[in-house]
Amino acid sequence: MPPADTPNNAAPPSTDDDKAARRVVARVVFPEDRDLDTLPLYIDFSTFTGVNPMTRIDPDKPKKKDQLSAPVVVTTVHGDFIRGRRSLELPAGERISFGTYFNAFPASYWRRWTDVSSVALSVRASGSPTVIVYRSNPRGATERVAATTLHDGVLDLELSLAPFGDGGWYWFDLLAGREPAVLEYAEWSVPDRREEPGGTTIAITTYNRPDYCAAQLRQLGAAAGIVDLLDEVLVMDQGSDNVADQPDFAACEEGLRGKLRVIRQANLGGSGGFSRGMREALAAGRSRYVLLLDDDIVLEPEGIARAVAFADECRSPTVVGGHMFNMYDRSILHAWAEYVEQWRFFWGPVPGTKHGHNFALSNLRATAWMHKRFDVDYNGWWMCLIPLDVIRKVGLSLPLFIKWDDAEFCLRAGKAGFPTVSLPGAAVWHIPWMDKDDSLDWQAYYHQRNRWLVALLHSSYPRGGSLISLSLRGDLKQLLAMQYSAVELRLQALEDLLDGPERLHAALPTSLARVRTTRAGFSDARVERDHDAFPPPRRVQAKRGRAPELPTNRVASALTAASGALRQFRGVRESSRVHPEASIAAMDGRWWMLSRYDSALVTTADGTAQSWYQRDPEQFRSMLRRSIALHQRAAREWPALAERYKAALPQLTSPEAWDKTFGRPD
């Protein structure tokens, strides 16, 4: 066994007051069901050989295509080691690391956003294991801080946060000696300087997912210590299949100890549901935070306690968001940090991070870019803790129904001086975006209108940078792809946007029905799960025997688009109305592919159904003329329109305006 080391990164000695008043801000935890798919998020069984240099971020060198790629580490995982939520047994001679997403301590985030200057690691174990403590720097390089054999079973080590200005983590490894070792618990604590703890109201918006919602309520009620943090759990039920009708609803109420309240209201979308939760928390006046949660998530309940503890210690009111993991491939993270790229005015990963990182292939210790601290513009409302002081200052959500409401709120809060932090170690599992393509269904309306509306409010470039040109190109691509229903919704969205902000609240309860009715009038919107519902495809001979190919540069893209546009001045083959000319997988249903056909069967993104796309040259020409005219009008009116929306923003987001929409009594 390695000898005990003197910590080379220890904090100054604690005072008696510090020792007497500490707060646990992160507990080392494990999945109780020993789920092997999630275990890499909690324990790292691999032999650590250092980070892959190709994952490091070097500002002095041009970015290589694979710079953010991570090494593939194949290792055996042992769910049988776990004894409980906080305890595990390690066989003799085995070594494991807690340098993982859920169990390492994100020191740089605490260093940047709180006044905490040190963190204490406490470990209790039997069997005389060795605890080896590490820290990392922003480039992912690792330094051993201390190594101690626990002859008396207890380690209490205070560690400074001073070196973590730009990034870095603390974690520890556990090494069993000649006899098995049992970790009884481990936790991270900080000096508790709170004037009062932060009570929290949870707000869940649900629409016809009563089974998901009830499962989440059961999980909240069963999680150790979580109910004690809560003042109330609000469920805004906006559907016809209600959570209160679930067979186990009484058990949900019992588990939450009388803190559950279900509010029935019309379907006002996510913005209406979450705004109702904000409004009720404001009116009750007892909580410090409101925590927004999607209805179709699986929780890591420890993340709730961590988010509340972090928010309590932040030096100013701070929106604290949790990450989102893939519910189907549970070690894959959706995004580490997100921002709104101002020139395109579109959301995306902060430069230097990547989407879809798989922790089963490259855990935290081996992924250099994760050791840098990344700051964000916003956090999704699958899990987001918002101080009520922020809501009192900036208002509730905009009445957007869905899409962009979370990003807009955080941008607005940021302008008012309230930052957003996506906190590592706080997360949920959610259905992944890859199994949806909501830019093609009824949600296309909200994607278009709300993106433009938020750009009018927050874009730092005249006329939204490249937004107008990108939007026009988007219409052209979807027209070439025979996606006429989506284009019609995008055009209606611009028409409604240009009408101004006055009807946003009034349209909230009725817009979805109107959008669905509009979309239903187009053949590409007819979705059939039975493959025999459509005639079988009869392929046409490709030109010169060549299959369509992805354009690889701007010239090729322009030529392909021009070729597709010229086809709109030719009639369609009569046979294409009797039989589709091709069967196209969802992943291949791109404009450059579909523009070659007069009709095609296209699979939906989730693989469960098909639609029959049919080329309509007259529809193409009419919609393209309309799109050009609307985009020209938007460019002319942008400055005045932006001022109208900015002037209306305080009223649109006020509790009083929302009360009228809710029909909430004074």
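Some observations on this one:
- In this rough spin-label picture, where each label sits 7 Å from Cα along the Cβ direction, the ALA640-ARG473 distance is 3.0 nm.
- Estimated [θ] at 222 nm from DSSP helical runs (n ≥ 4, -39500 (n - 2.57)) normalised by residues in the chain, nearest 500: -9000 deg cm²/dmol
- For the stretch 125-194: rounded, prolate or oblate by the Cα gyration tensor [a/c cutoff 1.5]: oblate
- Using C-alpha pairs below 8 Å separated by at least 6 residues, the relative contact order for the chain is 13 percent.
- Förster radius 56 Å - calculated FRET efficiency between ASP80 and ALA565, Cβ distance, rounded to 0.05: 0.35
- Normalised convex hull volume, the chain, alpha-carbon set, Å³ per residue: 176
- Computed about the Cα centre, the dipole magnitude for the stretch 447-619 is approximately 580 debye when only Lys and Arg (+1) and Asp and Glu (-1) carry charge, each at its Cβ.
- Between ARG315 and VAL578, the distance separating the two model label sites (each 7 Å from Cα on the Cα→Cβ line) works out to 7.6 nm.
- Sequence-separation-based contact order of the stretch 401-483, relative, with Cα cut under 8 Å and 6+ spacing, percent: 36
- Degrees separating the helix 554-566 axis from the principal Cα axis of the chain, which is the longest one: 40
- Taken along the Cα-to-beta-carbon direction at a fixed 7 Å, the label points for TRP433 and ARG264 span 3.6 nm.
- Theoretical gain in end-to-end length, ALA585 to ASP156 [0.36 nm per residue, Cα-Cα removed]: 148.7 nm
- Ranking LEU453, LEU470, LEU498 by how far each Cα lies toward the positive end of the dipole of the stretch 447-619 (charges on Cβ) leaves LEU470 at the top.
- Cα-centred dipole magnitude for the chain, charges only on beta-carbon of K, R (+1) and D, E (-1), debye, nearest 20: 3080
- Ranked ARG218, ARG636, ARG514, criterion: other C-beta atoms within 10 Å, fewest first: ARG636, ARG514, ARG218
- Stokes-Einstein D (µm²/s) once Rh is taken as the Kirkwood radius of the stretch 447-619 over alpha-carbon pairs, at 10 °C in 1.306 mPa s: 89
- Here the calculated FRET efficiency for HIS355 and GLU143, from their Cβ-Cβ distance with R0 = 35 Å, stands at 0.75, rounded to the nearest 0.05.
All of the numbers you see were taken from the coordinates with simple rules; none came from a lab. Model, not experiment: these values are computed from the prediction. FYI the Cβ positions are ideal-geometry reconstructions off the backbone, even for glycines, and counts take in every protein chain you see.
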